[in-house]
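As C-alpha cells, the structure follows; a few thoughts come after it.
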Amino acid sequence: MAIFVGMSKTGVHGTGMISVPLLASVFGGQLSSGIMLPMLCIADVIGVWYYHRHASWVHLKKLFPWAVVGTIVGTIVGSMIDDHIFRMIMAVTIMASVVIMLWLEQHKEDIPDNKPFAAVTGTAGGFTSMVGNLASSVMAVYFLSMRLPKDAFIGTTAWFFMVMNWFKVPFHVFAWHTISWNSFLLDLIALPLIGIGAFIGILIVKNIPERIYRLFIIGMTLVAAIMMLI
C-alpha cells in the first residue's frame, strides 16, 4: 500500500485509491483514513518537491477556499455516520468520478472554467478528501476537464493535496481521534516504501504519452471503484 501511495503522488494517479479499499477492509472506513493520512502527507512533500514548477496557481486559488469549506463539512458529517455508510460514500464517490471521466472523454468540449464550477468541485474535493481520502478521483475530474498537460496536471494536484492533507491533520487528531502515536509509528515504518513508490511513479510517468496518461487515470480509478464494491 505504501508503494501505491508513493506512486500516486508522483503522477500514477489511481494507485493511491487502490490502497483505500485495502486499508478500509482491515481497519474500517474512518479509522483507515486516519492511518493513511500521514502516509499521504509524507508522499505529498515528495510530489511537490519534484513537480512544484508545473503547478497552475490560477486553478488552485479558485479551489482552496471551497476545499476548506468541504473539509469542515466532511468532518461534521463523518462524525455522525457509521462505518458502513462511510464505505458506501467512498464507493459512490469513486464510481461517480469514473462515469464523469468517461463522459468527458466522449465530449471534448471544455467544461466552463468559471467560479461556480470551481466552487462545487473544491467543496466536493474537500469533503471527499476528509471522508475517506478520496478527493483524488474528484479532482482528477476537474483537472482533466481543464485539459491541463500531463506535468501541469501532476504538479497542480501535488500542491492541492499537500496543502489540504496537512490542513486535515488537526481534524483527525482532535475531532475524530483517528491519528495516534501508534498509527503514526506505523506510517513512519512505511516511509522507505513510500520513497520507492515515488521513484517508480516518476519513471512510469516519463514514459506515458499524454493521451494514454488520461486513459490510465480513468482505468486506475475504475479498478479502485470495483475493489471498494467487492
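The values are calculated or read from the model by the stated rules, or taken from the named source; none is laboratory data. Please read these numbers as outputs of a predicted model, since none were measured by experiment. We place every Cβ from the backbone using ideal geometry, glycine too, and count neighbours over all the protein chains shown. Calculation scope for accessible area: heavy atoms of the full protein, side chains included, ligands and nucleic acids excluded. Shrake-Rupley method; radii C 1.70, N 1.55, O 1.52, S 1.80 Å.
Too long at a 25 Å Cα-Cα cut-off: which of 62/206; 61/206; 61/168; 115/206?
Going by Cα-Cα distance, 62/206; 61/206; 115/206 fall outside the 25 Å limit.
Among 104, 144, 40, whose mean-square fluctuation peaks in a Gaussian network model of the chain (Cα, cutoff 10 Å)?
104
What residue among 195, 125, 16 shows peak mean-square fluctuation when the chain is described by a Gaussian network model with Cα springs under 10 Å?
With Cα springs under 10 Å in the chain, the top fluctuation among 195, 125, 16 is at 195.
Report the Stokes-Einstein translational diffusion coefficient (µm² s⁻¹, integer) for the stretch 140-181, Rh taken as the Kirkwood radius over Cα pairs, at 25 °C with viscosity 0.890 mPa s.
Translational diffusion coefficient: 206 µm²/s.
For the chain, modelled as a GNM with alpha-carbon contacts under 10 angstrom, which of 171, 27, 64 fluctuates the most?
27
Counting only other residues whose beta carbon sits under 15 Å from that of residue 6, what net charge do I get with K and R as +1, D and E as -1?
-1
Please list, by residue number, every one of the trypsin sites (Lys or Arg not before Pro) in the stretch 74-176 that is coil in DSSP and has at most 16 other beta-carbon atoms within 10 Å.
Answer in residue order: 108, 147.
Under unit Cβ charges (Lys, Arg +1; Asp, Glu -1), what dipole magnitude, rounded to 20 debye, does the stretch 110-230 have relative to its Cα centre?
Computed charge dipole of the stretch 110-230: roughly 140 debye.
Kirkwood Rh over Cα pairs of the chain into Stokes-Einstein at 4 °C, 1.567 mPa s: D in µm²/s?
76 µm²/s
I want the local charge near residue 51. Using Cβ-Cβ distances under 13 Å, sum +1 for each Lys or Arg and -1 for each Asp or Glu among the other residues.
The answer is +2.
Using 7 Å Cα-to-Cβ label points, what is the residue 73/residue 120 separation (nm, one decimal)?
1.2 nm
Sum -39500 (n - 2.57) across every DSSP H segment of at least 4 residues in the chain, then divide by the residue count to get the 222 nm mean residue ellipticity, nearest 500.
Taking each H run of at least 4 residues, the total per residue is -26500 deg cm²/dmol.
How big is Rg to Rh over the stretch 139-230, alpha-carbon atoms, Rh as the Kirkwood inverse-mean-distance radius?
Taking Rg over the Kirkwood Rh, I get 1.02.
What accessible area per residue comes out for the chain, rounded to a whole number of Å², with a 1.4 Å probe?
44 Å²
Would you mind classifying the stretch 53-174 by shape? Square roots of the alpha carbon gyration tensor eigenvalues, ordered a ≥ b ≥ c; an a/c under 1.5 is rounded, otherwise it is prolate if a/b is larger than b/c and oblate if not.
Verdict is oblate for the stretch 53-174.
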